[in-house]
1. Against the conditions (1) assigned to a helix (DSSP H, G or I); (2) without any contact (Cβ under 8 Å) to a residue 24 or more places away in the chain; (3) within 28 Å of residue 344 (Cα to Cα), where does residue 416 fall short? Just the number, please.
2. Would you pick out the residues in region 339-373 that are over 18 Å from residue 422 (Cα atoms) and touching a helix residue (DSSP H, G or I) at 6+ places or on another chain (Cβ under 7 Å)?
3. From the list 237, 218, exactly one residue is surrounded by fewer than 18 Cβ atoms within 10 Å (Cβ to Cβ), at pLDDT 90 or above and more than 30 Å from residue 35 (Cα to Cα). Which is it?
4. Give the residue, chosen from 106, 63, 101, that is within 20 Å of the chain's Cα centre (by Cα), in a helix (DSSP H, G or I) and on the phi < 0 side of the Ramachandran plot.
5. Could you check how many residues of region 226-242 are assigned to a helix (DSSP H, G or I) and over 21 Å from the mean Cα position of the chain (by Cα)?
6. From the list 397, 373, exactly one residue is touching a residue at least 24 places away in the same chain (Cβ under 8 Å) and under 18 Å from the mean Cα position of the chain (by Cα). Which is it?
7. Count, please, the residues in region 307-332 that happen to be under 16 Å from residue 384 (Cβ atoms), in contact (Cβ under 8 Å) with a residue 12 or more places away in the chain and assigned to a helix (DSSP H, G or I).
8. From the list 245, 258, exactly one residue is under 30 Å from residue 25 (Cβ atoms), part of a helix (DSSP H, G or I) and in contact (Cβ under 8 Å) with a residue 60 or more places away in the chain. Which is it?
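The values are calculated or read from the model by the stated rules, or taken from the named source; none is laboratory data. What you are looking at is a predicted structure, and each value in this text was computed from that prediction instead of being measured. Don't worry about glycine lacking a Cβ; one is built from the backbone with ideal geometry, like all the others, and counts go over all protein chains shown.
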């Protein structure tokens, strides 16, 4: 039952922007650091861009269980914040931290030992294989700092403390870029480590992020304070919710990662030059994704807290506001990509073949990102309500099946090559938008209990 009046439109927009802008800025800076990373690695040659690109999907496959756990943590903390139940929220976060530490040891060990066959499976070429193996081993060997930081930041976002997560990531990525400069090319007396230097810089950045995240949850003034509770097991309702939402989110993550991995393998077999051009395009797609991702994080917080206060009407309103902000962001980014696509690619490479591919990719992306940003925001709305079973189903249909299937068909049997892969990506993004938009409009997600 709806309780209370609906605030004025101006107040609703201000509330949404107050939560959203730090998340959008955080996601933007994370992607910007990734772009700078690629530009710096690109100075070594197209083989280096391709080698780093080969490790992206295996890395995220390893992170899948942590990312799914974090979806559940954010959604549950947001509900508890809306209900004013601080003790339950903090006990749940402590339990999630323990689970994260145990799983990190297991997954990190597996990836370090089996890095070579993993990279080979993705489709590495003779000139990229060993570089990709070394990069993956270093990244996954130090992944513990990242997993702890990601989990604690997810809890802070659920509580509405998006500025803490933003500050943590901005500082972390700034450190990453600085050490990229020092270690990739060997500046100011540091050794020139090439691709290994880029990997070490990333780990050093995550160490800083982990330290800052841990410090943020030790302050007694914050809603999330791990010093204020004892024990490592949450209440029964929170454990049940963590399992229900986390398991569905895990299935979704596996569907996403398997689909993206199959997609990456399809492109990798086209050759090193095509893989390099594709990786630059994926970096630009990540940049547009950052706007949707930031709004998605805000949606989880706003919708979760609204439902925790028994205000499904406000949950729908905040979801609509975030979608409209996302549409505005899409218009701005699409204009830049369409008009300056080739110039953007020239920041990464001067090879004529890569620039030719880049012009076509950026034009396709300038249309695709409208569907991309909107569906990412809608996914956040549904996740904030705990409707992760539906998002898992959509990911299975669209990302695991449609994207790699259409990309393979267009790349090889129809002979379109790399551009075919990007047309397959367009099909995936458009389908995800249609399915999630229809789900959001029905409103059944407001009735899920956490």
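1. (1)
2. Of everything in region 339-373, those that are over 18 Å from residue 422 (Cα atoms) and touching a helix residue (DSSP H, G or I) at 6+ places or on another chain (Cβ under 7 Å) turn out to be 346, 347, 348, 349, 351.
3. Numbers: 237 fails: at pLDDT 90 or above.
Matching residue, one of 237, 218: 218.
4. Numbers: 106 fails: within 20 Å of the chain's Cα centre (by Cα); 101 fails: within 20 Å of the chain's Cα centre (by Cα).
Only one candidate passes the filter, namely 63.
5. The initial filter retains those residues of region 226-242 that are assigned to a helix (DSSP H, G or I), namely 226-228, 236-242.
Imposing the further condition that a residue be over 21 Å from the mean Cα position of the chain (by Cα) reduces the set to 226-228, 236-241.
The number of residues fulfilling the criteria is 9.
6. Numbers: 397 fails: under 18 Å from the mean Cα position of the chain (by Cα).
Selected residue: 373, the only one of 397, 373 that is touching a residue at least 24 places away in the same chain (Cβ under 8 Å) and under 18 Å from the mean Cα position of the chain (by Cα).
7. Here is the first cut: in region 307-332, the residues under 16 Å from residue 384 (Cβ atoms) are 307-323, 325-326.
Pick out the ones that are also in contact (Cβ under 8 Å) with a residue 12 or more places away in the chain and you get 307-319, 321-323, 325-326.
Then keep just the ones that are assigned to a helix (DSSP H, G or I); that gives 307-308, 312-319, 321-323, 325-326.
Number of matching residues: 15.
8. On the way: 258 fails: under 30 Å from residue 25 (Cβ atoms).
Being under 30 Å from residue 25 (Cβ atoms), part of a helix (DSSP H, G or I) and in contact (Cβ under 8 Å) with a residue 60 or more places away in the chain holds for just one of 245, 258, which is 245.
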